[in-house]
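The values are calculated or read from the model by the stated rules, or taken from the named source; none is laboratory data. No experiment lies behind these values; they were computed from the predicted model shown. Cβ placement follows ideal geometry from the backbone for every residue including glycine, while neighbour counts extend to all protein chains displayed. For accessibility, only protein heavy atoms count, side chains too; no ligands or nucleic acids. Shrake-Rupley method; radii C 1.70, N 1.55, O 1.52, S 1.80 Å.
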Amino acid sequence: MGIEDIYTQIIAEKSRSIANRHHLDAPTDVVAGKNPTCGDEITLEIDRDSSTIKDISFVGSGCAISQASTSMMIDLVRGKTIPEARRAIEEFHAMITEGELTDETMATLQDACALSGVSHMPARVKCAVLPWHTLAHALDEAEGKNAPSTH
Amino acid sequence: MSTTSGSAASHLATREEIIAEFGILSQRSDEGKRLVYLDNGATTQRPDYVIEAVSDFYRTMNANPHRGIYTLAEKATEAYDSAHGTVARFINAGDAGEVVFTRNASESLNLIAYSWGAANLRPGDRIVITIAEHHSNLVPWQQVAARTGATLSYLYLDAHGDVTDEEVDRVIDEHTKLVAVTHVSNVLGTTPPIAHIVEAAHGKGALVVLDAAQSVPHLKVDVRALDVDFAAFSGHKMYSPFGIGVLYGRRELLESMPPFLTGGDMIEEVTEQGATWAELPSKYEAGTQNAGGAVGLAAAIEWIGSMGGVEHFGDLERETMDYLYHALSQMPHITIYGDADAAHRHGVVSFNVDDVHSHDIASILAADNVCIRAGHHCAQPLLHYLGISACARASIAVYNTHEDVDDLIESLSKTRGLLGYGN
């Protein structure tokens with residue numbers, strides 16, 4: 001695998017894209033993610049109800065892989081149900097850590113499959129998974145908030 | 001001690017002769033690309049002479065130093081103890097007792113902060129460091145300041161990235177008890193005005209700690225000529241194994257300070273309720289030590305001497321640094337940090353490429369088997385002061401060549417294009 005298979009045209013484009021890089025008017029959740037060793041920083045802003053991610057955006061800075069991954073994840077999960085978003089997170093994680101690129105993965109992740117080559121770059125895995133971990137964390141927190149009180 | 005051909009006689013070795021000492025430098029990547037190792041600020045490579053010396057220790061004289069009374073243990077003890085003397089001569093310490101082996105520069109600096117700091121710092125006292133310190137010469141002082149009520153003050157840089165004499169005179173005052181400064185910045189490659197700092201600190205009755213981790217492979221570190229009270233460095237940044245470091249301290253300081261770690265081999269006598277301490281340097285070397293590492297460090301010092309010495313290495317590196325700095329500064333879309341005079345840089349040049357994050361630079365270079373460092377370089381306050389979150393760093397050692405620089409530049413020239421920016 002050559003470096004041009006990692007830094008593909010779509011990664012270059014998505015890393016520079018400003019389409020998803022903005023604040024939401026009234027986010028229900030604002031969650032920050034950070035890679036302390038390399039300084040990638042993103043904050044996801046989510047507008048959701050109990051079942052669906054109605055809108056999602058981000059602000060932040062970092063390497064091309066973290067920024068492209070964030071933008072592609074947002075394209076993928078916007079409008080999706082929370083279980084669908086969780087499944088995408090799991091698929092992405094499996095693709096990056098195990099290098100699996102099945103038909104099912106491609107159907108689920110679509111453009112985000114462009115990051116599959118990162119599985120060959122162990123030092124960059126954390127850059128690619130940052131937004132997905134951050135989203136998972138946001139959904140976990142949201143579930144905690146939504147859970148009926150037992151007290 | 002084993003000897004290998006080429007390392008026996010002392011002469012001013014050519015760069016080609018030096019390169020031949022490093023087996024690892026002839027390795028190629030799976031794609032057949034030559035190894036371009038420009039991350040020497042993180043750790044240097046080790047010459048085969050050092051690797052053989054460590055192997056030879058374990059193969060022919062391995063026993064626990066200072067314990068057994070059989071021949072093998074005597075050999076191990078002799079090798080370990082004589083390594084102190086070799087280091088003492090290398091840095092011109094007063095005697096071998098002033099050389100304490102630690103794991104690395106960080107441990108050495110923590111030792112000073114805990115042992116000297118806890119016993120001597122009071123509320124209102126001031127510790128002074130530069131804004132260019134590595135976290136290893138910064139966080140221990142934050143911690144000891146928090147524990148003792150002392151304050152931590154900084155020497156800041158001018159527009160050229162240098163600490164001026166005026167800044168030194170402004171900050172070091174009668175409350176200052178300790179000044180801890182890097183000899184060479186691991187990000188900027190520049191050296192603060194050590195002589196002036198020592199004069200100012202001693203004039204106020206303060207001690208000076210020199211972090212020599214980045215200078216010791218490039219510059220002669222003569223602790224008595226520099227007149228510092230403590231010095232710290234790591235073996236692995238000067239052609240030695242991982243896990244061996246040095247603390248130098250003036251004898252009267254090391255004798256008056258309490259020990260850092262306590263336990264085996266650092267005692268004179270132990271009773272049920274008390275203990276007295278061993279002579280220097282054993283007082284600060286609790287527990288079984290990294291004898292193989294110490295032997296490797298001593299071998300590296302012998303090897304450096306046999307190749308012409310640190311000053312000769314500095315001369316060879318300056319020539320490479322001039323070429324590197326000039327080539328980088330000719331590239332479009334490059335920002336270089338720190339002093340523009342390449343002669344003021346020791347081993348290090350840090351930079352950014354417009355629009356490209358340094359981790360992407362490092363990954364793209366890695367694909368060409370060009371090894372550099374990217375990120376905050378364990379100097380976050382400095383990067384914050386410079387107004388950046390990360391940068392790329394190329395750091396050279398004595399074996400780096402113009403060809404290495406050419407390969408770096410060629411690979412760097414691809415970065416913007418790959419990320420969709422124009423050249």
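What is the projected area of the convex hull of the Cα atoms of chain B, averaged over all directions, in nm²? Mind dumping the intermediate values first?
Working: hull surface 86.2 nm².
Seen from a random direction, the Cα hull of chain B projects 21.6 nm² on average.
Placing unit charges on the Cβ atoms of the charged side chains and taking the dipole of chain B about its Cα centre, the candidate lying farthest along the positive direction among B:Ala231, B:Gly68, B:Gln27 is B:Gly68. This model, with +1 at the C-beta of Lys and Arg and -1 at the C-beta of Asp and Glu, gives chain B a dipole about its Cα centre of some 740 debye. Most fluctuating residue of A:Cys127, A:Cys38, A:Cys63 in a GNM of chain A with Cα springs under 10 Å: which is it? Looking only at A:Cys127, A:Cys38, A:Cys63, the largest GNM fluctuation is found for A:Cys38. When B:His160, B:His202 are compared by accessible area of protein heavy atoms, the largest-first order is B:His160, B:His202, using a 1.4 Å probe.
Each peptide in B:49-60, A:70-81 was scored by the mean count of other Cβ atoms within 10 Å over its residues; highest first, the order is A:70-81, B:49-60. Sorting B:352-359, B:210-217, B:381-388 by average packing, meaning the other beta carbons within 10 Å per residue, from highest down gives B:210-217, B:352-359, B:381-388.
Sorted largest first by accessible area at a 1.4 angstrom probe radius, with every protein chain in place, the residues B:Asp360, B:Asp39, B:Asp265 fall in the order B:Asp265, B:Asp39, B:Asp360. About its Cα centre, the dipole of the protein assembly as shown is roughly 580 debye, where the only charges are +1 on Lys and Arg Cβ and -1 on Asp and Glu Cβ. Each Lys and Arg contributes +1 and each Asp and Glu -1, all at the Cβ; summed about the Cα centre of region B:49-90, the dipole is approximately 60 debye.
Interface of A with B. Using a 1.4 Å probe and counting protein heavy atoms only, the two chains hide about 1200 Å² of accessible surface, both sides summed.
In this structure the amide hydrogen of B:Val208, modeled in the peptide plane, comes within under 5 Å of the amide hydrogens of B:Val179, B:Asp229, B:Phe230, none closer than 5 places in sequence on its chain. Scattering from the C-alpha atoms of the protein assembly as shown alone, worked out with Debye: what is log10 I(q)/I(0) at q = 0.10 1/Å? Taken in order of the listed q values, log10 I(q)/I(0) reads -0.95. Across B:His84, B:His376, the residue with the most accessible area heads the list, and the full order at a 1.4 Å probe is B:His376, B:His84. In whole angstrom, chain A maps to an equivalent ellipsoid with semi-axes of 25, 17, 14, each derived as √(5λ) from the alpha carbon gyration tensor and ordered largest first. For region A:1-18, a drop of 20 Å² or more in accessible area on going from the chain alone to the assembled protein chains (1.4 Å probe) is found at A:Ile3, A:Tyr7, A:Ala12, A:Arg16. Between the C-alpha center of region A:73-102 and that of region B:13-28 there is a gap of 48 Å. The 3J(HN,Hα) values that the Karplus relation (6.51, -1.76, 1.60; θ = phi - 60°) gives for region B:182-188 are, in residue order, 6, 6, 9, 5, 6, 9, 9 Hz. Gly and Pro appear as x.
The mean number of partner chain beta-carbon atoms within 10 angstrom of a residue's beta-carbon across peptide B:413-419 is 4. For the peptide B:354-366, the mean number of other protein chain Cβ atoms found within 10 angstrom of a residue's Cβ is 6. Would you give the gap between the C-alpha center of region B:146-199 and the C-alpha center of region B:305-348, rounded to a whole Å? Each part reduced to its Cα centre gives a spacing of 24 Å.
Average partner chain C-beta neighbours within 10 Å, per residue of A:38-45?
Details: counts 9, 11, 4, 1, 0, 0, 0, 0.
The per-residue average across the peptide is 3.
Rolling a 1.4 Å probe across all protein chains gives B:Val87 an accessible area of roughly 0 Å².
Taking the Cα of A:Lys54, stepping 7 Å toward and past its beta carbon, and measuring to each backbone N in region A:15-33: which are under 19 Å? A:22-31, by backbone N distance to the label point.
Taking amide H as placed 1.01 Å from N in the peptide plane, the amide H of B:Ala13 sits under 5 Å from that of B:Gly308, each at least 5 places away or on another chain. Adding -39500 (n - 2.57) for every DSSP H run of four residues or longer, then dividing by how many residues chain B holds, sets the calculated 222 nm ellipticity at -10500 deg cm²/dmol. Protection proxy ranking, highest mean first, for peptides B:14-21, B:191-198: B:191-198, B:14-21, where packing is the per-residue count of other beta-carbon atoms within 10 Å, averaged. A Gaussian network model of chain B, with springs between Cα atoms under 10 Å, assigns the largest mean-square fluctuation among B:Ala298, B:Ala232, B:Ala42 to B:Ala42. For the residue pairs A:Lys34/B:Lys220; B:Lys204/B:Lys237; B:Lys75/B:Lys283; A:Lys80/B:Lys414, the alpha carbons lie more than 30 Å apart in A:Lys34/B:Lys220; B:Lys204/B:Lys237; A:Lys80/B:Lys414.
Couplings for region B:225-239, taken from phi via the Karplus curve 6.51 cos²θ - 1.76 cosθ + 1.60 with θ = phi - 60°, read 5, 6, 6, 8, 8, 9, 8, 9, 7, 10, x, 5, 8, 9, 6 Hz in order; Gly and Pro are left as x.
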